[in-house]
Each structure stands twice: as structure tokens, then as C-alpha cells.
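*Asks:* This is the structure I want to talk about, given as C-alpha cells.
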Amino acid sequence: MSCVTFRLTARCVRGLEWLLAAEVAGIADGAAREITFGERQVSFETAEIDAGWLDLRTADDVLLDLGTLHGVDHTRAAVAELSRQLAGIDFGTGLALVQRARGDEGDELGALAFDVVVSLLGRRNYNRFMVEDAAGEVVAKAVGARYASRNPAAGFGRALGAAEAEFTVRLSLSGDSVDVALRLSRKPLHRRSWKLATGPGTLHPPLAAALARIGGQGPLETALDPFCGDGTLAIETAHAFPGARVVAADLDAVRLGNSRANAARARVATRTRFVLADAGRPTWADGRFDLLVTNPPWNRAVGAAGSLAESLDPFWRTIAGALAPHGRICTVAEADLEVPSRLDRAGYTVALVQTIRLAGRVSHVILAAPGYSAEVRLPNTLDRWRERAIRAGIVSDGGF
């Protein structure tokens, strides 16, 4: 008896493909098979399309793969060829699977609006809006739904199309091939429904989820983010480790208010303590922490203030005293700040420096521990997936 399988592709921050693969492998015991790596993505087969795949915390997006078109080159005539081949894709079955995952199986397609998102790799004699509108016409005819164009020239306005779309068709053009997919969720997964109160330098939620998991080895009863901003790291840490107590602190009362509001919407406020505090003069009163997970103000998007306005170096020298004997830190910093070297000079053992690229900026994800601490390392499961990604040529031992 044959088993029908479907192929999903989850997309992520460049450099953290191995972490996403580990999450995919563990989200439902044995549900994902044939896991493969690509740049910024992990693809896998599954027999079940359900809501579990909508809870991938380290994923930016998750897509149901519908097929690949060929012979769509750089010439203007290729748009018509794309439309011709796209008419052979079974969007109706794909949409039924998407509705099943969302619990929307009763919704009539004719009452829904959809949009099309196109990514173009390489020089072409057409733009993304031409492809999106051509594809939108084909899909609308196939399933009876209403196409919401993002093309400013069409008079609809990009914001309108994005806001009212109930499902999204994604086309990725590379060389003469086109990968066709449907977004499994209504919006990209990185757009957390709870994250409404934000300010400058707010952290990308899947990256925050990644930091929590990288730092979450061994016992984790208490975690601290002394530069919590809008609370993204504290919330993702509380989500990843429901049994942990999380302290979120900041010197900016407005941003601390954002943290409280976001944590309440995320339903983790009862497990999070919010403190208005200068991280350079801490009064945590929570004993020692198992994990310091933070994105400090590096004087780029957000400037340091208070006792740390001149430099963060004093923070690294003093915060070690707030960590338990097995305590560790996990942080992120732009690569040119050379934070691993700073931590090394401050007496920390640096166990991981993973280069990532987010929004065009190259940064380091860093796992470290004070020199007196027990050996710090990646959790075994993450370490195995990172080794697989290295063997696949997706990342190197520190870069990509």
C-alpha cells in the first residue's frame, strides 16, 4: 500500500539552516523525512499537512511545494510560457491541504482573495510585477478566488494586496526554472501575532527563537535578558522552555512597556518578571541565572545608555557573577564589532561563533560561558544537525 507524501520547504535566516532542520526533525516524532538543506531553506517530505508545521519558531516561512516549471528564461516571452505551464499546476488540491492545516476546510475559495509573491534571481527582461499579475490571472481562473495585485501600475496598491490576501502563491525564478509553492500560513511565520508594540532595533523573532535554543542546553530554570527592548527574546525563551522563569529588564521604560504588552499577548507574562534596570548596575534579586540571552545595544540601531553609554565591556566583566556555575550566554552582534574577541579578552570560553546574514547584514551568533564554568557546548541534537549542514556545504565551521 503506497503512502502519499507532500513536500514542504521552510525558509530561515542564512547560516541557521541546521537549527531549523533540527526543529523540523523534532516537531513531530518521525513526521519529517528526507530532510535536505538549501541556502536559507530546509525541505522535507511528510505524510501529514497539519497545524504542527505552523509552529516552527525558527522558520521565517513554510511553503507547500506544488512543482517546478522549466524553460522559463530571461526573455520577455518567458512570461507567457510561465503562464502556460502554470495552468497545469493543481492549485485546487494544494489549497485544500493549506485549508486543512489552518482548520479552514469549510471556507469557499470564491470568497477568498489571494496574492502572488515572486523572487527573481538573475537579470531578466521583465519584472516581478509582470510575473505576479500573469500568475494571478492563471490561479484566479483555476480556483475561482480573487487576485489582489501588488502592482502599483495596476492601481490596486501593494499594501492593499498584502493586507487582504487569505492565501499566497510564491514563485521563485532561478535560471530557467520556477519553483511553485503555497504559503501554509496566512502571513509569514516571522510575523508573530503578539508582536505589535515595537521600537528601533527590534529583534527578528525567528532569530530570537534560535538564540534561546542554542543557549538552552542542560538545566534551564532561570533566564535573563537585561536589554530586553520589546521582549522578543524573553518571549521566545519562555515559549521554548515553559518551565523556566524569565527576567526581562531594560533601562527604557517605554520599551519595557512594549515587553509587558507583547508578553501578555503571547500569554507568557505570568512566567516573566519585568524590571526597570541599568544593566551596568544590576539588582536582579533572582539568584544566579542558567542563561543570559540578549541582544545588547551595540550603538547601531539603538544606542547604549546609563552606566554603559561609553562601552559594553564593563557589562561583560560583571555579568559573569550573575550566572550559575553551569551558566552560559548566547548573544548576537554584527560581525565587525568583533564581540567573540572581546569576550575572549574578558575571560569567557567561546564555544560557538556562527556567521549569519539577516536583512543584508552579516552578524555573529555567539555561545560562550565564563572561564570558571563547566564546558559549554551546543546541545547534542543541534550539534549533529550542524555537522550535517557542514558536510552538505551549507555552513562552514563558523561561517557559510
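*Asks:* In the range 91-103, how many are closer than 17 Å to Gly136 by Cβ and of a type outside the set (A, V, I, L, M, F, W, C)?
*Replies:* So the count comes out to 2.
*Asks:* Evaluate the following for Gly122: is it under 29 Å from Arg14 (Cβ atoms) and modelled with pLDDT under 95?
*Replies:* Spelling it out, Gly122 is indeed under 29 Å from Arg14 (Cβ atoms) and modelled with pLDDT under 95.
*Asks:* Can you name the residue in the range 155-166 that is surrounded by fewer than 14 Cβ atoms within 10 Å (Cβ to Cβ) and either among the hydrophobic types (A, V, I, L, M, F, W, C) or not assigned by TED's automatic domain parsing to the domain that holds Ser83 (or both) and is also modelled with the lowest pLDDT among such residues? Let's see the steps before the verdict.
*Replies:* First pass over the range 155-166, keeping only residues surrounded by fewer than 14 Cβ atoms within 10 Å (Cβ to Cβ): 155, 159, 163.
Next, only the ones that are either among the hydrophobic types (A, V, I, L, M, F, W, C) or not assigned by TED's automatic domain parsing to the domain that holds Ser83 (or both) stay: 159, 163.
Working: Ala159: 42, Ala163: 56.
The selected residue is Ala159.
*Asks:* Same structure, new question: Within the range 367-386, can you find the residues that are within 19 Å of Glu23 (Cα to Cα) and either out of contact with any Phe, Trp or Tyr (no Cβ under 8 Å at 6 or more places or on another chain) or without any contact (Cβ under 8 Å) to a residue 24 or more places away in the chain (or both)?
*Replies:* Step one: filter the range 367-386 for residues within 19 Å of Glu23 (Cα to Cα), giving 367, 377-386.
If the condition is that a residue be within 19 Å of Glu23 (Cα to Cα) and either out of contact with any Phe, Trp or Tyr (no Cβ under 8 Å at 6 or more places or on another chain) or without any contact (Cβ under 8 Å) to a residue 24 or more places away in the chain (or both), then Leu367, Arg377, Leu378, Pro379, Asn380, Thr381, Asp383, Arg384 are the ones that fit.
Table: residues versus (1) surrounded by 15 or more Cβ atoms within 10 Å (Cβ to Cβ); (2) over 24 Å from Ile235 (Cα atoms).
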| site | (1), (2) |
| --- | --- |
| Phe44 | yes, yes |
| Ala51 | no, no |
| Leu56 | yes, no |
| Leu69 | yes, yes |
| Val72 | yes, yes |
| Arg76 | no, yes |
| Ala80 | no, yes |
| Gln85 | yes, yes |
| Gly88 | no, yes |
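*Asks:* Any residue at all in the range 167-189 that is in contact (Cβ under 8 Å) with a residue 60 or more places away in the chain, touching an Asp or Glu at 6+ places or on another chain (Cβ under 9 Å), surrounded by fewer than 18 Cβ atoms within 10 Å (Cβ to Cβ) and β-branched (Val, Ile, Thr)?
*Replies:* Within the range 167-189 (the criterion being in contact (Cβ under 8 Å) with a residue 60 or more places away in the chain, touching an Asp or Glu at 6+ places or on another chain (Cβ under 9 Å), surrounded by fewer than 18 Cβ atoms within 10 Å (Cβ to Cβ) and β-branched (Val, Ile, Thr)), the answer is no, since none of the residues qualifies.
*Asks:* Can you name every residue in the range 313-337 that is surrounded by 21 or more Cβ atoms within 10 Å (Cβ to Cβ), in contact (Cβ under 8 Å) with a residue 60 or more places away in the chain and part of a strand (DSSP E or B)?
*Replies:* Matches in the range 313-337: Arg328, Ile329, Cys330, Thr331, Val332.
*Asks:* Identify all residues within the range 338-365 that are surrounded by 16 or more Cβ atoms within 10 Å (Cβ to Cβ), out of contact with any helix residue (DSSP H, G or I) (no Cβ under 8 Å at 6 or more places or on another chain) and not in a strand (DSSP E or B); write none if there are none.
*Replies:* Within the range 338-365, Val339, Pro340 meet the criteria.
*Asks:* Next up: Can you tell me which condition Ala25 does not meet? The list is (1) touching a residue at least 40 places away in the same chain (Cβ under 8 Å); (2) closer than 25 Å to Val178 by Cα; (3) of a type in the set (Gly, Ala, Ser), and all the others hold.
*Replies:* (2)
*Asks:* Kindly establish whether Ala269 is crowded, with 24+ Cβ neighbours inside 10 Å, more than 16 Å from Leu323 (Cβ to Cβ) and not polar (S, T, N, Q).
*Replies:* No; evaluated as a whole, the condition is false for this residue.
*Asks:* Name the residue, out of Gly15, Gly94, that is out of contact with any Leu (no Cβ under 7 Å at 6 or more places or on another chain), outside the structural domain of Leu358 (by TED's automatic domain parsing) and surrounded by 20 or more Cβ atoms within 10 Å (Cβ to Cβ).
*Replies:* Unique residue meeting the criteria: Gly15.
*Asks:* Same structure again: Among (1) in a helix (DSSP H, G or I); (2) buried (at least 18 other Cβ atoms within 10 Å of the Cβ); (3) in contact with a Gly (Cβ under 6 Å, 6 or more places away or on another chain), there is one condition Ala238 misses while meeting the rest; what is its number?
*Replies:* (3)
*Asks:* Still on this structure: Going through the range 190-235 one residue at a time, which ones are in a loop (DSSP other than H, G, I, E, B), touching a helix residue (DSSP H, G or I) at 6+ places or on another chain (Cβ under 9 Å) and among the charged types (D, E, K, R)?
*Replies:* Across the range 190-235, the qualifying residues are Arg191, Arg192, Lys195, Asp230.
The values are calculated or read from the model by the stated rules, or taken from the named source; none is laboratory data. Bear in mind the structure is a predicted one, so any value in this text is a computation, not a measurement. Please note: Cβ atoms are built from the backbone with ideal geometry, for glycine as well, and neighbour counts cover all protein chains shown.
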